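Data first, discussion second: the structure below is written as structure tokens.
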Amino acid sequence: MTTAATRSPRRSRRSKPPWVLAIPAIIALAFLLIPLAGLLMATPWTSVGELLIDPVTQQALRLSLATSLLAAGCALILGVPLAWVLARVQFPGRPLVRALVLLPLVLPPVVGGTALLTALGRRGIVGAPLESLFGITLPFTPAAVVIAETFVALPFLVLSVEGALRAMDTRYEEAAVTLGASRMRVFWRITVPLMAPAVVAGTTLAWARALGEFGATITFAGNFPGRTQTVPLAVYTLLETNREAAIALSVVLLAVCVLVLVILREQWLRPGALRS
Amino acid sequence: MSAQGQELQRQGLERPGLQLQAQVARSDFVLDVHIAQPRGRVLAIVGPNGSGKSSLLQVVAGLVSSAQGIVVVDGDTWMNEDTFTSAEKRSVGMVFQDYLLFPHLSVQENISFGLRSRGSSRAHARATTADWLGRFGIAHLAERKPRQLSGGQSQRVALARALVTQPAVLLLDEPLAALDAQTRVSVRAEMRSHLSQFCGVTLLVTHDPIEAMVLADDICVLDQGSVVQCGTVADVTRHPATEYVAKLMGLNLVSGIATAGTVALDSGGQLVTTNSDLTGAVLATLRPSAIAVHRQPPQSSARNAWEGVIRDMEHLGDRVRLDMEARPSVVVDVTSQSVVELGLQPGQQVWLSVKATEIDVFKAHDEA
């Protein structure tokens, strides 16, 4: 009797949060979900197919897919070694380097785009020699789209892989060494497989970020249909001229993002998986 | 090179086995150890947590390059002032406290990893691994991933992985610490039989004296950064060099054959225990303080009583350790007061008794 009497109020207290917390929590949830619901309700579902085969949207979709995959690939090739160096190599100023690497995460993308433009533009410190020596001009080309997307996506991959490398028990590698494994064998047979889930998660995250990139792209690559106009840019442009097409494209992006969340469910949403 | 180092190297080149001289810096002291261990014997390194025991294993394995010292194995110099053989080139097998089985590889791949690393062909590695899986009774687990194994199974895989390359030195770092008490007893018995078949040098690091007594031939006790005592298990138990060693090794270990709760001891005599389930070869432990000493045949309720002669007496703080020549021969701890009251002295004939409930019995080896 006594135990039951003391236990039941405790249980009800736990399941019923105080209203000062419950009400803002519900508002927050509604705040996040209502716009998405609004988008889905405004979608002209019957004509989505037609809108998506329109040449302008087709171009945007193709360009977005190609550039975002390339950007994810660049992030992978450059990001894994950088993550490894940050996690495993002791060097002076490492905290500063890590902070700089993560800067694009918080930097307004338009600032990133401006920075790219000033550095890689025709008169920039890298852009000027590129043009004079090789005749390469980067701004306002599809290559500029890839560069802008890589710039904003790279930190996501580095963060994810570095976190995994830090969390990884290096003693697995020691165990492999005591079993006679060379450095290369340890890296390929032990280190890489153990960090593979984080690499997949980081690459997916980087790809999703690249796919949705707007600010840096429009600043550094411009908004030329068929050349640099990616899906987010097309959505922005179409809102003025063809609202339904803009909504249809938005729904495509939303669907892709939901897919990414499903892919990342195991890796990213697990508590502590992205610990840095 | 120092004269001592030269002497050590000379010995190492002549004698098969392990010569180890190492200085390992800990936060508040420097562990300075000199060990010589012949092949085919198990040396237990016993000491409190933080005494630097595990670091010694890392020095032998070559996992720390900062340590100073000399490691000579079967005449090969692995480390001295001028040479350092990198870890992957040393013929060692190591079992870690938490096993460190590679989580992405199957049991079979874990065990064959060392063979493949050391250049065995795929076919040879496969055949050898199959042989060891059978020897450890884990053939049915070959395709499992480590996360699908119980603690005892993981331990077997870890030991098989370390032994499969037939290393010159086997390093066991608290190999049973991660197991629950019940599994530990059976795995320990099994491990004992595997170790007895291993012909290289085995170093076992443990903080558990029973583990040391059951698995090892020799014991080396560390305290405050240095070796307090080194010797055979019987020597160290019977003649502890310090109070610390006496406390640590405060156990008698006897072997015998059990039938229906009674153990016929290999050294003669018998013990009545409360465990009537065990049959066959067993080991039993008796705490020295659990054994009572009497001048006359005891009238107490204790089920075990036997007669013996006091061989030696040693003062250990407020207690006195009696070294008894009896069946079984044991060490007994009594208070200084009892020594006076009973008038105990070396050479004297006395009676010993111990309650059946005070005796821990466990299987000596796994017959399964």
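No lab work stands behind these numbers, since they all come straight from the coordinates. Computed from a predicted structure; not experimentally measured. Positions of Cβ are generated from backbone atoms using ideal geometry, with glycine treated the same way; all protein chains shown enter the neighbour counts.
Compute the acute angle (0 to 90°) between the alpha-carbon long axis of helix B:107-117 and the principal axis of greatest extent of the alpha-carbon atoms of chain B; round to the nearest 10°.
60 degrees
For A:L117, A:L102, B:L18, what's the fewest-to-most ordering of other Cβ within 10 Å of each Cβ?
Values: A:L117 21, A:L102 17, B:L18 25.
So the residues, fewest neighbours to most, are A:L102, A:L117, B:L18.
What does the average come to when, for each residue of peptide B:100-110, you count the partner chain Cβ atoms lying within 10 Å of its Cβ? Can you show the working numbers first?
Details: counts 8, 2, 8, 5, 8, 3, 0, 0, 0, 1, 2.
Rounded to a whole number, the mean comes out at 3.
Once R0 is set to 41 Å, what does the formula 1/(1 + (r/R0)^6) return for the Cβ-Cβ distance between B:R311 and B:S196, expressed as a FRET efficiency to the nearest 0.05? Present the calculation step by step, with values, prior to reporting the outcome.
Values: r = 29 Å, r/R0 = 0.71.
Approximately 0.90, to the nearest 0.05.
Quick check: from the Cα gyration tensor, does the stretch B:252-363 come out rounded (a/c under 1.5), prolate or oblate? If you can, show how the numbers build up before the last one.
On the way: a/c = 2.09, a/b = 1.96, b/c = 1.06.
Here the stretch B:252-363 falls in the prolate category.
Which whole-number percentage describes the relative contact order of chain B, with Cα contacts under 8 Å and a sequence gap of 6 or more? Kindly include the intermediate steps, with their values, before the conclusion.
Values: 768 pairs, mean separation 56.8, N = 368.
This gives 15 percent for chain B.
What is the average number of partner chain Cβ atoms found within 10 Å of a Cβ in A:190-196?
Values: counts 5, 0, 1, 4, 3, 0, 1.
Whole-number average of other-chain Cβ neighbours for A:190-196 is 2.
Viscosity 0.890 mPa s, temperature 25 °C: what is the translational diffusion coefficient of the protein assembly as shown from Stokes-Einstein with a Kirkwood Rh over Cα pairs, rounded to a whole number of µm²/s?
Values: Rh = 30.7 Å.
Diffusion coefficient, whole number: 80 µm²/s.
By count of other Cβ within 10 Å, fewest leading, how are B:K89, A:K16, B:K53 ordered?
On the way: B:K89 13, A:K16 9, B:K53 25.
Ascending Cβ contact count within 10 Å gives the list A:K16, B:K89, B:K53.
Based on the Kirkwood radius over alpha-carbon pairs, what value in µm²/s does the Stokes-Einstein equation return for the translational diffusion coefficient of the stretch B:206-320 at 20 °C and 1.002 mPa s? Could the numbers behind the result be given before it?
On the way: Rh = 15.9 Å.
This corresponds to a translational diffusion coefficient of 135 µm²/s.
Please report B:M191, A:M184, B:M313 as a ranked list, fewest other C-beta atoms within 10 angstrom at the top and most at the bottom. List each step's numbers first, then the result.
Numbers: B:M191 25, A:M184 8, B:M313 15.
Starting with the residue having the fewest Cβ neighbours, the order is A:M184, B:M313, B:M191.
At B:T259 and B:S150, where each label point lies 7 Å from the Cα along Cα→Cβ, what is the point-to-point distance in nanometres?
The modelled label-to-label distance comes out at 3.1 nm.
What is the distance, in nm, between label points placed 7 Å from the Cα along the Cα-to-Cβ direction at B:H294 and at A:V192?
Simple spin-label model gives 7.4 nm for this pair.
Please average, across the residues of B:328-339, the number of beta carbons from any other chain that are within 10 Å of each residue's own beta carbon, and give a whole number. Intermediate results must be reported in sequence, preceding the final value.
Values: counts 0, 0, 0, 0, 0, 0, 0, 0, 0, 0, 0, 0.
Whole-number average of other-chain Cβ neighbours for B:328-339 is 0.
Looking only at A:R185, A:R265, A:R62, which one moves most when chain A is put into a Gaussian network model with springs between Cα atoms under 10 Å?
Comparing A:R185, A:R265, A:R62 in the GNM, the peak value goes to A:R185.
According to a simple spin-label model (label point 7 Å from Cα along Cα-to-Cβ), what is the distance in nm between A:V20 and B:E325?
Between B:E325 and A:V20, the label points sit 8.3 nm apart.
Helix B:151-163 sits at what angle to the longest principal axis of chain B, using alpha carbons and giving 0 to 90 degrees rounded to 10?
60 degrees
Over the Cα atoms of chain B, how large are the radius of gyration and the largest Cα-Cα distance (Dmax), in Å?
For chain B, the Cα radius of gyration and maximum Cα-Cα distance read 22.5, 72 Å.
So what's the angle, to the nearest 10 degrees on a 0 to 90 scale, between helix B:181-197 and the longest Cα principal axis of chain B?
Compared with the principal axis, the helix lies near 70 degrees.
Taking a point 7 angstrom from the Cα of B:D266 along the C-beta vector, which residues in the stretch B:206-233 have backbone N less than 14 Å away?
B:213-218, B:233
Name the residues of the stretch A:38-73 whose amide N is less than 11 Å from a point 7 angstrom out from the Cα of A:V262 along the C-beta direction?
What the label zone holds, given the 11 Å backbone N cut-off, is no residue at all.
Please enumerate, by chain and number, the aspartates and glutamates with C-alpha under 16 Å from the C-alpha of B:K355, excluding those fewer than 8 residues away in the same chain.
Within the straight-line cut-off, B:K355 pairs with B:E307, B:D333.
Once you sort the root eigenvalues of the Cα gyration tensor of chain A as a ≥ b ≥ c, which label holds: rounded (a/c under 1.5), prolate (a/b larger than b/c) or oblate (the other case)?
On the way: a/c = 2.11, a/b = 1.10, b/c = 1.91.
It is oblate, given that a/c is not under 1.5 and a/b is not larger than b/c.
Please sort through the DSSP H helices of chain A and keep those with an alpha-carbon extent of at least 20 Å along the long axis and a Kyte-Doolittle average not below -0.5.
Numbers: long enough: A:2-15 (21 Å, -1.79); A:19-42 (33 Å, 2.49); A:55-88 (48 Å, 1.25); A:142-167 (37 Å, 1.56); A:192-211 (27 Å, 1.31); A:243-264 (31 Å, 2.63).
Those that pass (Cα extent of 20 Å or more, hydropathy at least -0.5) are A:19-42, A:55-88, A:142-167, A:192-211, A:243-264.
Based on the mean of other Cβ atoms within 10 Å per residue, sort peptides B:243-251, A:172-180, A:225-233 so the most packed one is first.
On the way: B:243-251: 19.2, A:172-180: 24.0, A:225-233: 20.8.
Result, highest mean Cβ count within 10 Å first: A:172-180, A:225-233, B:243-251.
Tell me the relative contact order for chain A as a rounded percent, counting alpha carbon contacts under 8 Å between residues six or more apart. Don't jump to the answer; show the numbers that get you there.
Values: 311 pairs, mean separation 78.3, N = 276.
Across chain A, relative contact order equals 28 percent.
When the dipole is taken about the Cα centre of the stretch A:134-276, and only Lys, Arg (+1) and Asp, Glu (-1) are charged at their Cβ, what size is it in debye, to the nearest 20? Before the final figure, lay out each step's value.
Details: 11 positive and 9 negative charges, 72 e Å.
The dipole magnitude comes to about 340 debye.
With a Förster radius of 22 Å, plug the Cβ-Cβ distance of A:L96 and A:I125 into 1/(1 + (r/R0)^6) and report the FRET value to the nearest 0.05. Walk me through the numbers before you get to the answer.
Values: r = 21 Å, r/R0 = 0.95.
The value I calculate is 0.55.
Can you figure out the FRET efficiency of B:S121 with B:T183, using R₀ = 35 Å and their beta-carbon distance, to the nearest 0.05? Walk me through the numbers on the way to the answer.
Working: r = 36 Å, r/R0 = 1.03.
According to the calculation, E is roughly 0.45.
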